[in-house]
1. Given the range 95-198, what helices (runs of 4 or more DSSP H) lie entirely inside it while holding 1 or more residues that are open to solvent by 20 Å² or more (accessible area, probe 1.4 Å) and among the aromatic types (Phe, Trp, Tyr)?
2. Scan the range 92-104 and report the pairs whose first residue is at positive phi and whose second residue is open to solvent by 60 Å² or more (accessible area, probe 1.4 Å) and within 11 Å of the ligand (Cβ to nearest atom), with Cβ atoms within less than 6 Å and a gap of 6+ or a chain change.
3. Criterion first (under 13 Å from the mean Cα position of the chain (by Cα), within 16 Å of the ligand (Cβ to nearest atom), in contact (Cβ under 8 Å) with a residue 24 or more places away in the chain and assigned to a helix (DSSP H, G or I)) does ILE88 satisfy it?
4. Answer yes or no: is there a residue in the range 48-60 that is modelled with pLDDT of 95 or more, within 16 Å of the ligand (Cβ to nearest atom), open to solvent by 40 Å² or more (accessible area, probe 1.4 Å) and touching a Lys or Arg at 6+ places or on another chain (Cβ under 9 Å).
5. Report, by residue number, each residue of the range 23-47 that is within 16 Å of the ligand (Cβ to nearest atom), free of Cβ contacts under 8 Å to residues at least 60 places away in the same chain and surrounded by 12 or more Cβ atoms within 10 Å (Cβ to Cβ).
6. Which residues, counting only those in the range 15-60, are β-branched (Val, Ile, Thr), assigned to a helix (DSSP H, G or I) and under 14 Å from THR90 (Cα atoms)?
7. Which ones in the range 114-132 are under 12 Å from the mean Cα position of the chain (by Cα) and within 16 Å of the ligand (Cβ to nearest atom)?
8. Would you mind telling me which numbered condition in (1) in contact with a strand residue (DSSP E or B) (Cβ under 9 Å, 6 or more places away or on another chain); (2) under 27 Å from ARG82 (Cα atoms) PHE149 fails?
Amino acid sequence: MREISNNGEWTVMDKLFLPVLLGTNRQNRNSVHPARWLIGQMQQRAEIETRLFDVGEFALPQHDYGQALKDQFPEWRDAIIRADGLVIVTPEYNHGYPGTLKAVLDLLLREYVHKAVALVGVSAGPWGGTRVIEAMVHMVRELGLAVTFSDLNFPKVQNTFDAEGKLLDPAFEKRAKDFLDELVWMATTLKWGRENVPSKFH
Ligand SMILES: Cc1cc2nc3c(=O)[nH]c(=O)nc-3n(C[C@H](O)[C@H](O)[C@H](O)COP(=O)(O)O)c2cc1C
């Protein structure tokens with residue numbers, strides 16, 4: 001299924017494209033730290049290509065919504081068409097996800113189908129966004145995404161990174177590895193399925 005070149009390195013063709021979506025446009029958001037740190041972890045893995053999308057950089061209109069707008073966001077559209085999966089970094093806002101994040105996700109639909117999604121919860125409180133992740137599972141399923149069962153939770157995020165975004169707790173390195181291992185497995189399996197098992201969706 002995957003080819004490894006003569007020197008044992010992953011070839012470019014083998015890489016999974018797994019963009020990261022930072023889910024809040026709030027000024028002074030702490031979620032930016034786990035998002036950037038996770039991108040760094042992903043970039044160290046030979047089998048992953050990634051890039052950051054930031055919902056704060058989407059010029060969403062005030063009076064329109066949904067897939068009709070997708071061609072106004074070609075970078076996002078084309079990235080998800082090419083993607084093998086997606087990482088969503090969401091803060092917990094009153095046990096839910098930010099409306100801006102939902103508005104960005106709702107720009108597309110068919111483009112997500114049979115791709116993996118892994119969820120990162122970020123909170124000021126002690127539960128690390130477990131409640132927002134539970135809320136997201138139902139929603140991303142309707143988008144056609146397949147959710148991994150290894151989440152990454154950042155409780156008390158204000159104490160977990162310093163002001164420059166440096167991780168203060170090395171325990172997250174093993175957690176991120178387990179989280180990414182599961183995402184890679186799901187994304188690889190679904191990629192094979194999309195390429196080899198007929199479906200009316202692709
Ligand atoms: C509107 C709003 C609602 C929030 N609700 C919760 C919450 O339900 N549980 C929690 O632990 N923290 C809550 N917080 C705090 C955020 O989790 C905290 O700001 C954290 O740093 C992640 O969000 P940020 O990326 O916007 O900083 C809330 C913050 C805002 C702005």
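The values are calculated or read from the model by the stated rules, or taken from the named source; none is laboratory data. All values reported here derive from a predicted model rather than from experimental measurement. FYI the Cβ positions are ideal-geometry reconstructions off the backbone, even for glycines, and counts take in every protein chain you see. Note: accessible area is taken over every heavy atom of the protein model, side chains too, but ligands, DNA and RNA are not part of it. Shrake-Rupley method; radii C 1.70, N 1.55, O 1.52, S 1.80 Å.
1. Values: elements: 99-105, 130-142, 157-160, 171-196.
Output list reads 171-196.
2. HIS95/ARG131
3. Numbers: under 13 Å from the mean Cα position of the chain (by Cα): yes; within 16 Å of the ligand (Cβ to nearest atom): yes; in contact (Cβ under 8 Å) with a residue 24 or more places away in the chain: yes; assigned to a helix (DSSP H, G or I): no.
Spelling it out, it is not the case that ILE88 is under 13 Å from the mean Cα position of the chain (by Cα), within 16 Å of the ligand (Cβ to nearest atom), in contact (Cβ under 8 Å) with a residue 24 or more places away in the chain and assigned to a helix (DSSP H, G or I).
4. Looking only at the range 48-60, we keep the residues that are modelled with pLDDT of 95 or more, and these are 48-60.
Of the ones still in play, those that are also within 16 Å of the ligand (Cβ to nearest atom) are 52-57.
The next check asks that each one be open to solvent by 40 Å² or more (accessible area, probe 1.4 Å); those that pass are 52, 56-57.
If we keep only those that are touching a Lys or Arg at 6+ places or on another chain (Cβ under 9 Å) as well, we get 52, 56.
Checking the range 48-60: at least one residue is modelled with pLDDT of 95 or more, within 16 Å of the ligand (Cβ to nearest atom), open to solvent by 40 Å² or more (accessible area, probe 1.4 Å) and touching a Lys or Arg at 6+ places or on another chain (Cβ under 9 Å).
5. Filtering the range 23-47 for residues within 16 Å of the ligand (Cβ to nearest atom) gives 23-39.
Right, trim to free of Cβ contacts under 8 Å to residues at least 60 places away in the same chain and you get 27-28, 39.
ILE39 - this is the single residue of the range 23-47 that is within 16 Å of the ligand (Cβ to nearest atom), free of Cβ contacts under 8 Å to residues at least 60 places away in the same chain and surrounded by 12 or more Cβ atoms within 10 Å (Cβ to Cβ).
6. Quick first cut of the range 15-60, residues β-branched (Val, Ile, Thr) only: 20, 24, 32, 39, 48, 50, 55.
Those left that are additionally assigned to a helix (DSSP H, G or I): 32, 39, 55.
Passing the criteria: VAL32, VAL55.
7. Narrowing the range 114-132 to residues under 12 Å from the mean Cα position of the chain (by Cα): 115-121.
Result: LEU119, VAL120, GLY121.
8. Among (1) in contact with a strand residue (DSSP E or B) (Cβ under 9 Å, 6 or more places away or on another chain); (2) under 27 Å from ARG82 (Cα atoms), PHE149 violates only (1).
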